[in-house]
Amino acid sequence: MTLQGRHIVLGISGGIAAYKSATLLRLLIKEGAEVQVVMTPSGKEFITPATMAALSGKPVVSEFFAANTGEWHSHVDLGLWADLMIVAPATACTIAKMATGVADNMLITTYLSAKEPVMVAPAMDLDMFAHPTTRRNLETLRGDGVIVLDSPSGELASGLSGKGRMLEPEQILEAVKRHFSALQQDYSGKRVLVTAGPTRESIDPVRYIGNHSSGKMGFALSAEFASRGAEVDLILGPTPVTPELPATVRVHRVESALDMLKSVEENYGECDVAVFAAAVADYRPLHPAETKIKREKRETMSIELVSNPDIAAEMGRRKRTGQINVGFALETDNGVENAIGKMQRKNLDMVVLNPAGNKDAGFNADTNRITIITTPGNKARELPLLSKRDCAKAIADSIAALSEAAKR
(Lines give C-alpha, C1' and ligand atoms only; values in the text may rest on other atoms or scores of the structure.)
Protein backbone atom coordinates (compact mmCIF):
# COMPACT_ATOMS: atom_id res chain seq x y z
CA MET A 1 0.00 0.00 0.00
CA THR A 2 1.27 3.50 -0.85
CA LEU A 3 0.24 6.78 0.76
CA GLN A 4 -0.54 8.42 -2.59
CA GLY A 5 -2.76 11.46 -2.09
CA ARG A 6 -2.67 11.31 1.72
CA HIS A 7 -2.35 14.56 3.67
CA ILE A 8 -0.26 14.23 6.83
CA VAL A 9 0.65 16.78 9.50
CA LEU A 10 4.00 15.90 11.08
CA GLY A 11 4.39 17.51 14.51
CA ILE A 12 7.91 17.80 15.91
CA SER A 13 8.55 18.70 19.54
CA GLY A 14 11.82 19.47 21.31
CA GLY A 15 13.74 16.25 21.85
CA ILE A 16 16.99 14.79 20.57
CA ALA A 17 14.98 12.23 18.57
CA ALA A 18 13.89 15.07 16.28
CA TYR A 19 16.77 14.12 13.99
CA LYS A 20 14.78 10.97 13.13
CA SER A 21 11.89 13.12 11.96
CA ALA A 22 13.81 14.12 8.84
CA THR A 23 14.06 10.48 7.82
CA LEU A 24 10.40 9.88 8.64
CA LEU A 25 9.44 12.89 6.50
CA ARG A 26 11.45 11.55 3.54
CA LEU A 27 9.84 8.12 3.87
CA LEU A 28 6.31 9.54 3.98
CA ILE A 29 6.91 11.66 0.89
CA LYS A 30 8.55 8.74 -0.94
CA GLU A 31 5.32 6.78 -0.35
CA GLY A 32 3.31 9.55 -2.02
CA ALA A 33 2.06 11.54 0.99
CA GLU A 34 1.86 15.32 1.12
CA VAL A 35 3.30 16.43 4.46
CA GLN A 36 3.00 19.68 6.39
CA VAL A 37 5.53 20.04 9.22
CA VAL A 38 4.49 21.82 12.43
CA MET A 39 7.22 22.43 15.03
CA THR A 40 7.24 23.62 18.60
CA PRO A 41 9.65 26.47 19.40
CA SER A 42 11.96 24.04 21.23
CA GLY A 43 11.77 21.59 18.31
CA LYS A 44 13.60 24.16 16.19
CA GLU A 45 16.57 23.89 18.58
CA PHE A 46 17.11 20.26 17.58
CA ILE A 47 16.47 20.32 13.82
CA THR A 48 16.16 23.40 11.66
CA PRO A 49 12.95 24.46 9.87
CA ALA A 50 15.10 24.99 6.77
CA THR A 51 15.93 21.30 6.66
CA MET A 52 12.32 20.20 7.09
CA ALA A 53 11.03 22.77 4.58
CA ALA A 54 13.53 21.57 2.00
CA LEU A 55 12.49 17.95 2.48
CA SER A 56 8.73 18.61 2.54
CA GLY A 57 8.58 21.29 -0.15
CA LYS A 58 6.43 23.39 2.20
CA PRO A 59 7.28 26.19 4.64
CA VAL A 60 7.37 24.89 8.20
CA VAL A 61 4.63 26.18 10.50
CA SER A 62 5.82 27.06 13.99
CA GLU A 63 4.51 30.45 15.09
CA PHE A 64 0.93 31.68 15.24
CA PHE A 65 1.83 34.63 12.98
CA ALA A 66 4.44 35.09 10.26
CA ALA A 67 7.17 37.35 11.62
CA ASN A 68 7.40 39.72 8.65
CA THR A 69 3.82 39.95 7.38
CA GLY A 70 1.71 39.19 10.42
CA GLU A 71 -0.09 36.49 8.38
CA TRP A 72 -2.06 34.14 10.64
CA HIS A 73 -1.23 30.44 10.40
CA SER A 74 -4.61 28.71 10.69
CA HIS A 75 -4.45 25.61 12.87
CA VAL A 76 -8.13 25.06 12.02
CA ASP A 77 -7.35 24.78 8.30
CA LEU A 78 -4.54 22.32 9.03
CA GLY A 79 -6.92 20.20 11.09
CA LEU A 80 -9.39 20.09 8.20
CA TRP A 81 -6.72 19.45 5.53
CA ALA A 82 -5.04 16.44 7.07
CA ASP A 83 -5.94 12.75 6.92
CA LEU A 84 -3.58 11.96 9.80
CA MET A 85 -1.51 13.88 12.34
CA ILE A 86 1.72 12.31 13.64
CA VAL A 87 3.63 13.79 16.57
CA ALA A 88 7.17 12.37 16.43
CA PRO A 89 8.96 12.92 18.67
CA ALA A 90 6.32 13.46 21.34
CA THR A 91 8.17 14.64 24.45
CA ALA A 92 6.82 14.35 27.99
CA CYS A 93 6.03 18.09 27.89
CA THR A 94 4.10 17.89 24.62
CA ILE A 95 2.23 14.78 25.76
CA ALA A 96 1.23 16.59 28.96
CA LYS A 97 0.01 19.62 26.98
CA MET A 98 -1.97 17.41 24.60
CA ALA A 99 -3.59 15.57 27.52
CA THR A 100 -4.56 18.75 29.35
CA GLY A 101 -5.23 21.11 26.43
CA VAL A 102 -2.50 23.65 27.17
CA ALA A 103 -2.68 25.41 23.79
CA ASP A 104 0.43 27.60 23.92
CA ASN A 105 2.01 26.62 20.59
CA MET A 106 0.97 25.77 17.04
CA LEU A 107 1.46 22.04 17.45
CA ILE A 108 -1.01 21.83 20.35
CA THR A 109 -3.59 24.13 18.76
CA THR A 110 -3.38 22.04 15.59
CA TYR A 111 -3.93 18.91 17.67
CA LEU A 112 -6.93 20.45 19.40
CA SER A 113 -8.42 21.36 16.00
CA ALA A 114 -7.72 17.97 14.42
CA LYS A 115 -10.68 16.20 12.79
CA GLU A 116 -8.37 13.42 11.63
CA PRO A 117 -6.85 10.56 13.69
CA VAL A 118 -3.74 11.48 15.69
CA MET A 119 -0.71 9.26 16.27
CA VAL A 120 2.08 9.96 18.78
CA ALA A 121 5.56 8.44 19.06
CA PRO A 122 6.81 9.16 22.63
CA ALA A 123 10.50 9.98 23.09
CA MET A 124 12.11 10.76 26.46
CA ASP A 125 14.45 9.41 29.11
CA LEU A 126 13.42 6.21 30.92
CA ASP A 127 12.62 7.89 34.26
CA MET A 128 10.35 10.44 32.56
CA PHE A 129 8.66 7.70 30.56
CA ALA A 130 8.09 5.61 33.71
CA HIS A 131 6.83 8.52 35.81
CA PRO A 132 3.17 8.16 36.92
CA THR A 133 2.34 11.56 35.44
CA THR A 134 3.53 10.55 31.98
CA ARG A 135 1.79 7.17 32.22
CA ARG A 136 -1.42 8.91 33.27
CA ASN A 137 -1.16 11.43 30.41
CA LEU A 138 -0.63 8.65 27.86
CA GLU A 139 -3.69 6.84 29.17
CA THR A 140 -5.67 10.06 28.83
CA LEU A 141 -4.60 10.35 25.20
CA ARG A 142 -5.54 6.74 24.53
CA GLY A 143 -8.93 7.39 26.08
CA ASP A 144 -9.33 10.38 23.75
CA GLY A 145 -8.73 8.11 20.76
CA VAL A 146 -5.09 9.01 20.10
CA ILE A 147 -2.98 6.18 18.65
CA VAL A 148 -0.01 5.84 21.02
CA LEU A 149 2.90 3.99 19.42
CA ASP A 150 5.10 1.77 21.53
CA SER A 151 8.39 3.07 22.96
CA PRO A 152 10.94 0.26 22.75
CA SER A 153 13.82 -0.29 25.14
CA GLY A 154 17.30 0.69 24.06
CA GLU A 155 20.12 3.13 24.50
CA LEU A 156 18.95 6.66 25.33
CA ALA A 157 20.54 10.08 24.84
CA SER A 158 21.40 10.20 28.54
CA GLY A 159 23.62 7.14 28.14
CA LEU A 160 21.18 5.02 30.11
CA SER A 161 19.30 2.10 28.60
CA GLY A 162 15.56 1.45 28.95
CA LYS A 163 12.12 2.29 27.57
CA GLY A 164 11.54 5.73 26.14
CA ARG A 165 13.20 5.60 22.73
CA MET A 166 11.22 6.86 19.78
CA LEU A 167 10.33 4.17 17.28
CA GLU A 168 12.55 4.11 14.22
CA PRO A 169 11.16 6.04 11.23
CA GLU A 170 10.66 2.83 9.25
CA GLN A 171 8.55 1.39 12.08
CA ILE A 172 6.44 4.55 12.27
CA LEU A 173 5.92 4.40 8.51
CA GLU A 174 4.65 0.83 8.82
CA ALA A 175 2.24 1.92 11.57
CA VAL A 176 0.95 4.70 9.29
CA LYS A 177 0.45 2.26 6.41
CA ARG A 178 -1.34 -0.21 8.71
CA HIS A 179 -3.62 2.59 9.86
CA PHE A 180 -4.69 3.48 6.33
CA SER A 181 -4.90 -0.17 5.33
CA ALA A 182 -7.32 -0.77 8.21
CA LEU A 183 -9.63 1.89 6.77
CA GLN A 184 -9.89 -0.23 3.64
CA GLN A 185 -11.38 -3.15 5.55
CA ASP A 186 -14.28 -1.23 7.08
CA TYR A 187 -17.00 -2.47 4.73
CA SER A 188 -17.36 -6.05 5.91
CA GLY A 189 -21.05 -6.73 6.58
CA LYS A 190 -22.16 -3.42 5.07
CA ARG A 191 -24.43 -2.76 2.11
CA VAL A 192 -23.48 -0.11 -0.41
CA LEU A 193 -25.76 1.28 -3.13
CA VAL A 194 -24.08 2.71 -6.24
CA THR A 195 -25.84 4.37 -9.17
CA ALA A 196 -23.90 4.50 -12.43
CA GLY A 197 -24.13 5.17 -16.15
CA PRO A 198 -26.50 7.42 -18.10
CA THR A 199 -30.27 7.38 -18.36
CA ARG A 200 -32.26 7.38 -21.61
CA GLU A 201 -35.39 9.48 -21.85
CA SER A 202 -37.57 8.40 -24.79
CA ILE A 203 -38.58 10.88 -27.49
CA ASP A 204 -40.24 8.11 -29.48
CA PRO A 205 -39.69 4.32 -29.72
CA VAL A 206 -36.29 4.74 -31.43
CA ARG A 207 -34.91 8.06 -30.19
CA TYR A 208 -33.94 9.30 -26.77
CA ILE A 209 -32.25 12.05 -24.78
CA GLY A 210 -29.06 10.75 -23.14
CA ASN A 211 -25.42 11.52 -22.42
CA HIS A 212 -21.94 10.06 -22.85
CA SER A 213 -21.57 8.41 -19.44
CA SER A 214 -19.86 5.00 -19.70
CA GLY A 215 -20.47 3.85 -16.13
CA LYS A 216 -16.73 3.26 -15.62
CA MET A 217 -16.58 5.21 -12.36
CA GLY A 218 -19.54 3.26 -10.99
CA PHE A 219 -17.95 -0.05 -12.02
CA ALA A 220 -14.71 0.92 -10.26
CA LEU A 221 -16.60 1.95 -7.11
CA SER A 222 -18.64 -1.26 -7.05
CA ALA A 223 -15.55 -3.44 -7.45
CA GLU A 224 -13.67 -1.48 -4.76
CA PHE A 225 -16.46 -1.70 -2.19
CA ALA A 226 -16.90 -5.42 -2.91
CA SER A 227 -13.16 -6.04 -2.49
CA ARG A 228 -13.46 -4.56 1.01
CA GLY A 229 -16.22 -6.90 2.06
CA ALA A 230 -19.38 -4.96 1.18
CA GLU A 231 -22.51 -6.24 -0.50
CA VAL A 232 -23.17 -3.87 -3.39
CA ASP A 233 -26.34 -2.95 -5.27
CA LEU A 234 -25.24 -1.40 -8.58
CA ILE A 235 -28.16 0.42 -10.19
CA LEU A 236 -26.96 0.77 -13.74
CA GLY A 237 -28.24 2.78 -16.64
CA PRO A 238 -27.90 1.67 -20.28
CA THR A 239 -24.16 1.22 -20.82
CA PRO A 240 -22.77 -0.68 -23.83
CA VAL A 241 -21.03 -3.29 -21.67
CA THR A 242 -20.96 -4.46 -18.08
CA PRO A 243 -17.53 -5.71 -16.98
CA GLU A 244 -17.14 -8.82 -14.89
CA LEU A 245 -17.82 -7.83 -11.28
CA PRO A 246 -17.47 -9.72 -7.98
CA ALA A 247 -20.31 -12.03 -6.98
CA THR A 248 -21.25 -9.68 -4.11
CA VAL A 249 -22.28 -7.01 -6.64
CA ARG A 250 -25.95 -7.24 -7.65
CA VAL A 251 -26.59 -5.38 -10.91
CA HIS A 252 -30.01 -3.77 -11.39
CA ARG A 253 -30.44 -2.63 -15.01
CA VAL A 254 -32.59 0.46 -15.65
CA GLU A 255 -33.32 2.77 -18.59
CA SER A 256 -34.85 6.08 -17.54
CA ALA A 257 -34.49 8.40 -14.57
CA LEU A 258 -37.89 7.23 -13.30
CA ASP A 259 -36.73 3.61 -13.58
CA MET A 260 -33.58 4.48 -11.63
CA LEU A 261 -35.55 6.27 -8.92
CA LYS A 262 -37.80 3.23 -8.48
CA SER A 263 -34.83 0.87 -8.15
CA VAL A 264 -33.05 3.21 -5.73
CA GLU A 265 -36.20 3.43 -3.59
CA GLU A 266 -36.38 -0.36 -3.47
CA ASN A 267 -32.78 -0.72 -2.24
CA TYR A 268 -31.97 2.47 -0.34
CA GLY A 269 -33.61 1.54 2.95
CA GLU A 270 -31.23 -1.37 3.57
CA CYS A 271 -27.99 0.34 2.57
CA ASP A 272 -25.36 1.81 4.87
CA VAL A 273 -23.74 3.92 2.15
CA ALA A 274 -25.25 5.34 -1.05
CA VAL A 275 -23.02 6.72 -3.82
CA PHE A 276 -24.90 8.58 -6.55
CA ALA A 277 -22.44 8.42 -9.45
CA ALA A 278 -24.96 8.11 -12.31
CA ALA A 279 -25.32 10.86 -14.91
CA VAL A 280 -29.09 11.15 -14.62
CA ALA A 281 -30.78 13.23 -17.35
CA ASP A 282 -32.11 16.46 -15.88
CA TYR A 283 -35.14 16.50 -18.20
CA ARG A 284 -37.38 14.07 -20.09
CA PRO A 285 -39.93 14.63 -22.88
CA LEU A 286 -43.32 15.42 -21.39
CA HIS A 287 -45.20 13.60 -24.20
CA PRO A 288 -43.02 10.91 -25.85
CA ALA A 289 -44.48 9.77 -29.18
CA GLU A 290 -45.95 6.28 -29.31
CA THR A 291 -44.74 5.74 -32.89
CA LYS A 292 -41.59 6.79 -34.71
CA ILE A 293 -41.62 10.46 -35.65
CA LYS A 294 -41.22 10.80 -39.43
CA ARG A 295 -38.82 13.50 -40.54
CA GLU A 296 -40.60 13.80 -43.90
CA LYS A 297 -43.78 15.00 -42.21
CA ARG A 298 -42.28 18.00 -40.40
CA GLU A 299 -39.61 20.57 -41.14
CA THR A 300 -39.07 21.47 -37.49
CA MET A 301 -39.80 19.78 -34.21
CA SER A 302 -40.20 21.09 -30.69
CA ILE A 303 -40.02 18.81 -27.67
CA GLU A 304 -41.55 19.96 -24.42
CA LEU A 305 -39.37 18.83 -21.52
CA VAL A 306 -40.17 18.32 -17.86
CA SER A 307 -37.74 17.99 -14.94
CA ASN A 308 -36.73 14.54 -13.81
CA PRO A 309 -36.74 13.78 -10.10
CA ASP A 310 -33.52 14.58 -8.23
CA ILE A 311 -32.69 11.12 -6.90
CA ALA A 312 -29.85 12.19 -4.58
CA ALA A 313 -31.92 15.02 -3.09
CA GLU A 314 -34.89 12.73 -2.56
CA MET A 315 -32.75 10.14 -0.74
CA GLY A 316 -31.18 12.98 1.25
CA ARG A 317 -34.63 13.74 2.61
CA ARG A 318 -35.10 10.09 3.56
CA LYS A 319 -31.63 9.55 5.03
CA ARG A 320 -31.65 7.95 8.46
CA THR A 321 -29.09 8.42 11.22
CA GLY A 322 -25.93 6.52 10.39
CA GLN A 323 -26.43 6.41 6.63
CA ILE A 324 -23.82 8.12 4.45
CA ASN A 325 -24.85 9.71 1.14
CA VAL A 326 -22.24 10.66 -1.47
CA GLY A 327 -22.89 12.67 -4.63
CA PHE A 328 -20.92 13.67 -7.72
CA ALA A 329 -20.68 17.17 -9.19
CA LEU A 330 -19.53 17.94 -12.75
CA GLU A 331 -18.69 21.65 -12.90
CA THR A 332 -17.21 24.05 -15.44
CA ASP A 333 -16.56 26.99 -13.09
CA ASN A 334 -16.55 27.79 -9.35
CA GLY A 335 -16.25 24.05 -8.87
CA VAL A 336 -15.68 23.78 -5.12
CA GLU A 337 -18.24 26.49 -4.31
CA ASN A 338 -20.92 24.88 -6.49
CA ALA A 339 -20.13 21.39 -5.17
CA ILE A 340 -20.49 22.57 -1.57
CA GLY A 341 -23.84 24.13 -2.47
CA LYS A 342 -24.99 20.83 -3.95
CA MET A 343 -23.80 18.96 -0.84
CA GLN A 344 -25.84 21.24 1.40
CA ARG A 345 -28.98 21.26 -0.75
CA LYS A 346 -29.09 17.48 -1.10
CA ASN A 347 -28.09 16.60 2.49
CA LEU A 348 -24.95 14.81 1.29
CA ASP A 349 -22.11 13.83 3.59
CA MET A 350 -19.56 14.00 0.79
CA VAL A 351 -19.38 15.20 -2.80
CA VAL A 352 -16.87 14.22 -5.49
CA LEU A 353 -16.08 17.10 -7.82
CA ASN A 354 -15.23 16.31 -11.46
CA PRO A 355 -13.80 18.89 -13.86
CA ALA A 356 -15.70 19.34 -17.12
CA GLY A 357 -13.99 19.53 -20.50
CA ASN A 358 -10.86 17.52 -19.58
CA LYS A 359 -10.09 14.79 -22.11
CA ASP A 360 -8.27 12.71 -19.48
CA ALA A 361 -11.15 12.82 -17.00
CA GLY A 362 -14.90 12.41 -16.86
CA PHE A 363 -17.07 10.58 -19.39
CA ASN A 364 -15.55 7.52 -21.12
CA ALA A 365 -12.00 8.13 -19.82
CA ASP A 366 -10.17 5.49 -17.79
CA THR A 367 -8.69 8.21 -15.57
CA ASN A 368 -10.17 11.00 -13.51
CA ARG A 369 -9.07 14.11 -11.64
CA ILE A 370 -11.29 14.56 -8.60
CA THR A 371 -11.64 16.73 -5.53
CA ILE A 372 -13.25 15.07 -2.50
CA ILE A 373 -15.25 17.44 -0.27
CA THR A 374 -16.57 16.20 3.07
CA THR A 375 -18.61 17.38 6.02
CA PRO A 376 -18.23 18.77 8.57
CA GLY A 377 -16.18 21.79 7.59
CA ASN A 378 -16.39 21.39 3.80
CA LYS A 379 -12.91 19.90 3.80
CA ALA A 380 -11.66 19.72 0.18
CA ARG A 381 -8.90 17.32 -0.95
CA GLU A 382 -7.75 17.64 -4.54
CA LEU A 383 -6.21 14.50 -6.03
CA PRO A 384 -3.87 14.25 -9.03
CA LEU A 385 -4.83 12.46 -12.23
CA LEU A 386 -5.50 8.84 -11.21
CA SER A 387 -7.05 5.73 -12.67
CA LYS A 388 -10.74 5.45 -11.87
CA ARG A 389 -10.00 2.44 -9.65
CA ASP A 390 -7.51 4.54 -7.65
CA CYS A 391 -10.13 7.30 -7.45
CA ALA A 392 -12.56 4.69 -6.14
CA LYS A 393 -10.03 3.68 -3.47
CA ALA A 394 -9.67 7.29 -2.33
CA ILE A 395 -13.46 7.74 -2.24
CA ALA A 396 -13.93 4.52 -0.24
CA ASP A 397 -11.17 5.60 2.17
CA SER A 398 -12.84 8.98 2.71
CA ILE A 399 -16.22 7.36 3.38
CA ALA A 400 -14.62 4.96 5.88
CA ALA A 401 -12.93 7.90 7.62
CA LEU A 402 -16.28 9.71 7.84
CA SER A 403 -17.82 6.63 9.38
CA GLU A 404 -15.01 6.31 11.91
CA ALA A 405 -15.20 10.01 12.82
CA ALA A 406 -18.95 9.65 13.48
CA LYS A 407 -18.21 6.93 16.04
CA ARG A 408 -15.76 9.05 18.03
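The values are calculated or read from the model by the stated rules, or taken from the named source; none is laboratory data. Given the structure is predicted, the values throughout are model-derived calculations rather than measurements. Neighbour counts run over all protein chains shown; Cβ positions are idealised from the backbone, glycine included. These area figures cover heavy atoms from the full protein model, side chains too; ligands, DNA and RNA do not enter into them. Shrake-Rupley method; radii C 1.70, N 1.55, O 1.52, S 1.80 Å.
Just a few scattered comments:
- The alpha-carbon of residue 319 sits under 21 angstrom from the alpha-carbons of these lysines, leaving out residues fewer than 8 places away in its chain: 190, 262, 342, 346, 407.
- A Förster distance of 41 Å, applied to the separation of the beta-carbon atoms of residue 140 and residue 375, puts the FRET efficiency at 0.90.
- Sequence-distant residues sharing a close amide H with residue 119 (under 5 Å, placed H): 85, 86, 87, 147
- Remark: spin-label model distance residue 248-residue 206 equals 4.6 nm, labels positioned 7 Å along the Cα→Cβ axis.
- Net charge over other residues, Cβ less than 14 angstrom from the Cβ of residue 295 (K, R count +1; D, E count -1): +2
- In this label model, residue 188 and residue 292 are separated by 5.6 nm, measuring between points 7 Å along each Cα→Cβ vector.
- Total formal charge among the other residues, if their Cβ is under 12 angstrom from that of residue 336, Lys/Arg +1 and Asp/Glu -1: -1
- Take every DSSP beta bridge whose two residues both sit in the chain; close to 30 percent of them are antiparallel.
- For a label point 7 Å along the Cα-to-beta-carbon line of residue 282, residues of the range 358-402 with backbone N under 18 Å: 358, 363
- By average C-beta atoms within 10 angstrom, highest first, the peptides 219-230, 292-303, 245-256, 260-271: 219-230, 260-271, 245-256, 292-303
- In Hz, Karplus ³J(HN,Hα) per residue of the range 31-47 (6.51, -1.76, 1.60; θ = phi - 60°; x = Gly, Pro): 7, x, 6, 9, 10, 10, 8, 10, 10, 6, x, 6, x, 5, 6, 9, 8
- Taking packing as the residue-averaged number of other Cβ atoms within 10 angstrom, the listed peptides 106-118, 150-162 run from highest to lowest as 106-118, 150-162.
- Here the chain is treated as a Stokes sphere of Kirkwood radius computed over C-alpha pairs; at 4 °C and 1.567 mPa s its diffusion coefficient rounds to 55 µm²/s.
- The label point for residue 175 and the one for residue 42, both projected 7 Å from the Cα toward the Cβ, are 2.0 nm apart.
- R0 of 51 Å, Cβ-Cβ distance residue 366-residue 302: FRET efficiency to nearest 0.05: 0.85
- Taking the convex hull of Cα positions in the range 280-320, its mean projected area over all directions (nm²): 4.0
- Length gained when the stretch residue 130-residue 112 is fully extended (0.36 nm per residue, less Cα-Cα span): 3.9 nm
- Summarising the amide proton neighbourhood of residue 289: residues at separation of 5 or more, or on other chains, whose placed amide H is nearer than 5 Å comprise 204.
- Amide H contacts of residue 36 (H built 1.01 Å from N, in plane; Pro and chain starts excluded): 8, 9, 10 sit under 5 Å, all sequence-distant by 5 or more or on other chains.
- Solvent-accessible area per residue in the range 264-339 equals 64 Å², computed with a 1.4 angstrom probe and all protein chains kept.
- Pairs of Cα atoms farther than 23 Å apart, the range 241-359, %: 47
- Whole-Hz Karplus values for the range 280-285 come out as 6, 4, 6, 9, 9, x Hz, taken residue by residue from phi with 6.51 cos²θ - 1.76 cosθ + 1.60 and θ = phi - 60°; glycine and proline positions read x.
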